[in-house]
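The values are calculated or read from the model by the stated rules, or taken from the named source; none is laboratory data. Being a predicted model, the structure only gives us computed values, none of them experimental. Cβ atoms come from the backbone with ideal geometry, glycine included; neighbour counts cover every protein chain shown. Side chains included, ligands, DNA and RNA excluded: accessible areas come from the protein's heavy atoms. Shrake-Rupley method; radii C 1.70, N 1.55, O 1.52, S 1.80 Å.
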Amino acid sequence: MIDSSAKSSRELYTTVAVFIISLIIMVLRRPDIINHAQPWAEDGKIWLAGIYNNGFWSSLILPQNGYYQTISRLTYGVSILFGVSNAALVSNIIAISIRCFLICFLISKRMSFIDIKFRIAAALYLILMPNISEGFVNITNIHWYLSMYLMTIVLANNPNNTSSKIHDFVILIISGLSGPFVVFIAPCLLLKRLHERGNVFEAVKKINFFDAIMATCCIIQVVAILGAPDTARSSAPLGASLGVLIKIISYRIIGGTFTKNDIVSFMPEDKHLCALLFVIFSIPFLYFLIRGGWRFRAAAIFPVMMFGFALAKPMMSITDPQWPVFFGPGNGERYFFVTNFAFFCFILFIVSKITKGQDIVFSALLAIALIGSSQDFRMNKLPDVGYQDDLKKLQSAEVGDHVTLRINPPGWTMMLIKK
C-alpha cells in the first residue's frame with residue numbers, strides 16, 4: 001500500500017513538473033502572450049464579441065465556418081468572467097494549459113508501450129516545433145492540438161481508473177465538438193476496437209459509452225459541415241496538381257518539420273529534390289502502413305485524412321489559386337501543426353526499428369531537431385494595433401454605445417456593445 005502511494009505521488013510530481021516546465025518554455029518563446037495579451041482574429045471578432053454582446057448560452061449552440069468550435073466559446077465564456085480587459089490573458093492561459101496537458105499525457109504511463117526516450121523526444125518537439133507562430137498561442141487554433149490530444153488518447157492504453165476515464169471523456173467531448181477532426185479520428189478508434197474485439201460484429205456488439213459519444217460527436221460535426229452554406233469556405237480555385245502536392249509535402253512537411261520554413265524556402269523551386277524526398281519517405285510509410293500494427297495505421301490515417309480535408313477546402317485565398325499559396329513560408333501554418341508532429345513521430349518510429357546503433361541515430365535526430373527548431377524558438381510579439389487604447393474607450397463609453405476595438409492580425413476589429 002505504501003509503495004503504491006509512493007508511486008502515485010511520484011507520478012503526480014512528475015506530471016506537475018512536466019506541466020510547469022512546458023508552460024515556462026512556451027511562454028519564453030513569446031512572452032507577450034502573458035505580459036501583453038491580445039485577442040487574435042476570431043478570438044475577438046467571433047468568440048469574445050459574440051459572448052459579450054449576445055450572452056454565453058445563445059452563442060454556444062452556433063457552428064462557425066461549417067463546424068462546431070465549442071472550446072473557443074467555452075474558453076471565452078470563462079475568460080469574460082474576469083472582465084473584458086483580462087479575457088485575452090485568461091484565454092491564452094487556457095490555450096497554453098491544454099498543450100501542457102497533452103505533453104504530460106505523452107509522458108504518462110498510458111503511453112508506456114513506447115520507450116520513454118521516444119516519448120520525451122516527441123514531447124520536446126511538441127514544445128519546440130517550428131513554424132507555429134500563426135497559432136501560438138490562441139484559442140482559435142487550439143482545436144488542432146485538441147485533435148492531437150484525442151488521437152493520442154485513442155492510441156493510448158485503456159484507462160484503468162475513474163480519474164483516467166473522466167479525463168478521456170472530457171477531452172473526447174471538448175475535442176469532438178471543437179472542430180471537424182473527430183470525423184477522421186473515428187476510423188482510428190474503429191481500428192483499435194477491431195484489434196481489441198476481433199471483428200466488426202464484436203466491435204459493434206461490445207460498443208461502449210466512449211464509442212457512442214465519439215459517434216455522436218462525429219454525427220453532429222458531419223451534419224454541421226453538410227449544412228454549412230458554400231460561403232463558409234473560400235470559392236477560389238485550388239490550383240491543384242500532383243506536382244504542387246509533392247512540393248507542398250516535401251517543403252512544408254518534410255522540410256518544415258525540422259526547421260523554419262524561411263530556411264528551406266528554396267525547396268519548391270527544386271522539383272527533383274522534392275520528388276526525391278517524397279519517394280524516400282513514401283516507401284517506408286507504405287511499407288509500415290501494410291505491415292505495421294493497428295497503432296501505426298491509425299496514427300498514419302488521421303494526419304493523412306486531416307491534411308486531405310484541409311487541402312480539399314483550404315482558406316488560403318479568396319481570389320488566387322490556393323495550393324500555390326502554401327509556398328509562402330508563413331502561409332497557412334495551422335494546416336501543418338498535426339502533419340509535422342506526425343511526421344516527426346514517423347521518423348522516431350523508423351529509428352525505433354533500428355537494431356544496431358539506435359542510440360547514435362536517435363541522438364543525431366534529436367540534435368538535428370533541436371538545432372533546426374532553435375532557428376524559430378523566439379517568435380516576434382504581436383504588433384501593438386491599439387487594443388489597449390480601445391479598451392480604455394470601451395471603459396469610458398456609455399451603456400449601449402457600439403465601440404470598435406482593433407485586434408490582431410492588423411486590420412481585424414471587433415465591435416462590443418457597452419454593458
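For S363, the conditions (1) of a type in the set (S, T, N, Q); (2) part of a loop (DSSP other than H, G, I, E, B); (3) farther than 27 Å from T140 by Cβ all hold with the exception of (2).
Would you confirm whether any residue within segment 141-149 is on the phi < 0 side of the Ramachandran plot and not in a helix (DSSP H, G or I)?
We begin by selecting, within segment 141-149, every residue on the phi < 0 side of the Ramachandran plot; these are 141-149.
Filter again for not in a helix (DSSP H, G or I), leaving 141.
Yes: one or more hits.
Filter segment 162-185 down to residues that are of a type in the set (A, V, I, L, M) and open to solvent by less than 30 Å² (accessible area, probe 1.4 Å) and give me whichever is nearest to I103 (Cα to Cα). If we take residues in segment 162-185 being of a type in the set (A, V, I, L, M) and open to solvent by less than 30 Å² (accessible area, probe 1.4 Å), then I171 is nearest to I103 (Cα to Cα). Just one of the listed residues (L348, L286, L311, L365) is farther than 30 Å from E196 by Cβ and at pLDDT 95 or above, namely L365. Quick check: anything in segment 208-217 closer than 18 Å to V304 by Cβ, surrounded by 12 or more Cβ atoms within 10 Å (Cβ to Cβ) and more than 21 Å from the chain's Cα centre (by Cα)? The answer is no, given that none of the residues of segment 208-217 is closer than 18 Å to V304 by Cβ, surrounded by 12 or more Cβ atoms within 10 Å (Cβ to Cβ) and more than 21 Å from the chain's Cα centre (by Cα).
With among the polar types (S, T, N, Q) and touching a residue at least 60 places away in the same chain (Cβ under 8 Å) as the only criterion, which of S112, S108, S163, S91 stands out?
So the residue among S112, S108, S163, S91 that is among the polar types (S, T, N, Q) and touching a residue at least 60 places away in the same chain (Cβ under 8 Å) is S108.
Scanning segment 253-295 for residues that are open to solvent by 70 Å² or more (accessible area, probe 1.4 Å) and of a type in the set (A, V, I, L, M, F, W, C) yields I263, F266, L276, V279, I280, I283, L286, I290. Does at least one position in segment 262-270 carry a residue that is within 23 Å of the chain's Cα centre (by Cα), within 13 Å of N131 (Cβ to Cβ) and of a type in the set (S, T, Y)? No. Under the condition of being of a type in the set (D, E, K, R) and either open to solvent by less than 90 Å² (accessible area, probe 1.4 Å) or touching a Ser or Thr at 6+ places or on another chain (Cβ under 6 Å) (or both), the residues counted in segment 390-419 number 4.
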